[in-house]
Amino acid sequence: MVLGDRVTVKSGVQIWDGVTLEDDVFIGPNATFTNDPAPRSRQQPDGAWPALTVRQGASIGANATLLPGITVGQYAMVGAGAVVTRSVPPHAVVVGNPARIVRYTDKRGSRAPALRSADSAALPVTESAIAGVTIHRAPMIRDLRGNLSARELGDGLPFRPKRYFVVVDVPSREVRGEHAHRSCAQLLVCLRGSVACVVDDGSQHEEIALDSPEIALHIPPMVWAVQYKYSEDAVLLVLASEEYDAADYVRDYDEFLAAVRH
C-alpha cells in the first residue's frame with residue numbers, strides 16, 4: 001500500500017496491499033478496493049498482489065467498487081456507486097455498473113466544452129484551443145440524386161494521405177484512440193452518425209463533436225486523441241499522413257506528457 005501527499009480518505013474505506021493512491025487523490029465514503037482476482041480459489045497469488053493505482057488528482061465517489069489490476073488516470077472521476085472493471089483514462093468521468101465513460105473534464109473538474117459543427121459553419125478552417133488542431137468545413141453539395149462532400153489538397157485536405165482506415169460498428173459506449181503519434185498527422189471525418197473526439201496537448205484538452213461529413217478534424221503529431229460517444233450508425237474515416245508504423249504510436253499517457261514537456 002502506497003499513499004501520496006494530500007490524499008483524502010473518507011470513512012468506511014479499507015485500503016489493501018497492492019493499492020497505490022497518488023498525490024491529491026480523493027476517496028469517498030465506503031469506496032471498495034479489491035485486490036483478489038480469484039476470490040473463490042481461496043488462495044493468495046504467488047508474489048505481489050495485483051496493483052490497483054489511482055493516479056494524481058483523481059476522485060473516487062462514495063460506494064464505488066474498483067477491481068484489481070486497473071488504473072484510474074490523472075484527474076479522472078469515478079461516480080458514486082460505480083463498478084470499475086477496466087482502467088479509466090486520464091480526465092474521464094465514469095458512472096454505472098459496469099462503469100462507462102460519459103464525459104471528460106479539465107484538471108479543475110469542469111466539463112470540457114464540445115465544439116459542434118454549427119460553431120465552425122462561418123469559416124472554412126477554425127482553430128481549436130489545442131495548438132495545431134484545426135476543424136475544416138467542406139460544404140455539402142446537395143442534389144436529388146444524393147449529397148456529396150469533397151476535399152482537395154490545400155482545400156480541406158491539409159496533407160497528402162499515405163493511408164486510410166475506417167472505424168465502424170463500435171459499441172456506442174466504447175472508447176477508441178487513446179494515443180498520440182510522433183510523426184503522423186491524421187484527418188478524421190465522420191461519414192455517418194456522430195462521434196466525439198477529445199484532443200489533449202498535455203496541459204489542456206477540448207472535446208469536439210464530429211456529426212457531419214462536412215466537418216473534418218486535423219490532428220497533428222504529438223496530440224493525444226480519444227474518440228468516444230459513437231452513435232450506433234457511426235462510420236469514421238481516418239486519413240493518415242504516414243504509412244503504418246507501430247513505433248510511431250505513443251500509447252502511455254505518462255510517456256506522452258514527458259515527451260511534450262521536454
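The values are calculated or read from the model by the stated rules, or taken from the named source; none is laboratory data. Note that the structure is predicted; figures quoted are calculated from it, not measured. Ideal geometry is used to build each Cβ from the backbone, glycine not excepted, and the neighbour counts take in all protein chains shown.
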Matching residues in segment 168-203 (in contact with a helix residue (DSSP H, G or I) (Cβ under 9 Å, 6 or more places away or on another chain), part of a strand (DSSP E or B) and of a type in the set (Gly, Ala, Ser)) number 1
Being in contact with a Leu (Cβ under 7 Å, 6 or more places away or on another chain), hydroxyl-bearing (Ser, Thr, Tyr) and closer than 25 Å to residue 140 by Cα is true for just one of 194, 212, 231, 241. Which residue is that?
194
The residue from 164, 104 that alone is closer than 14 Å to residue 189 by Cα and at pLDDT 80 or above is 164
Counted residues, segment 176-210 - those being surrounded by fewer than 18 Cβ atoms within 10 Å (Cβ to Cβ) and touching a residue at least 60 places away in the same chain (Cβ under 8 Å):
4
Please specify each residue of segment 127-148 satisfying the condition of being loosely packed, with under 15 Cβ neighbours inside 10 Å and more than 24 Å from the chain's Cα centre (by Cα).
139, 140, 141, 142, 143, 144, 145, 146, 147, 148
Would you be able to say whether some residue in segment 36-52 is modelled with pLDDT of 90 or more and surrounded by 14 or more Cβ atoms within 10 Å (Cβ to Cβ)?
yes
May I ask you to verify whether residue 88 is at pLDDT 90 or above and either in contact with a Leu (Cβ under 7 Å, 6 or more places away or on another chain) or not assigned by TED's automatic domain parsing to the domain that holds residue 103 (or both)?
no
Looking only at segment 219-237, which residues are buried (at least 17 other Cβ atoms within 10 Å of the Cβ) and over 17 Å from the mean Cα position of the chain (by Cα)?
234, 235, 237
Under the condition of being more than 14 Å from residue 219 (Cα to Cα) and not hydrophobic (A, V, I, L, M, F, W, C), which residue from segment 149-159 is surrounded by the most Cβ atoms within 10 Å (Cβ to Cβ)?
149
Selection from segment 2-32 of residues more than 18 Å from residue 63 (Cα to Cα) and not β-branched (Val, Ile, Thr) yields 3, 4, 5, 6, 17, 18, 22, 23, 24
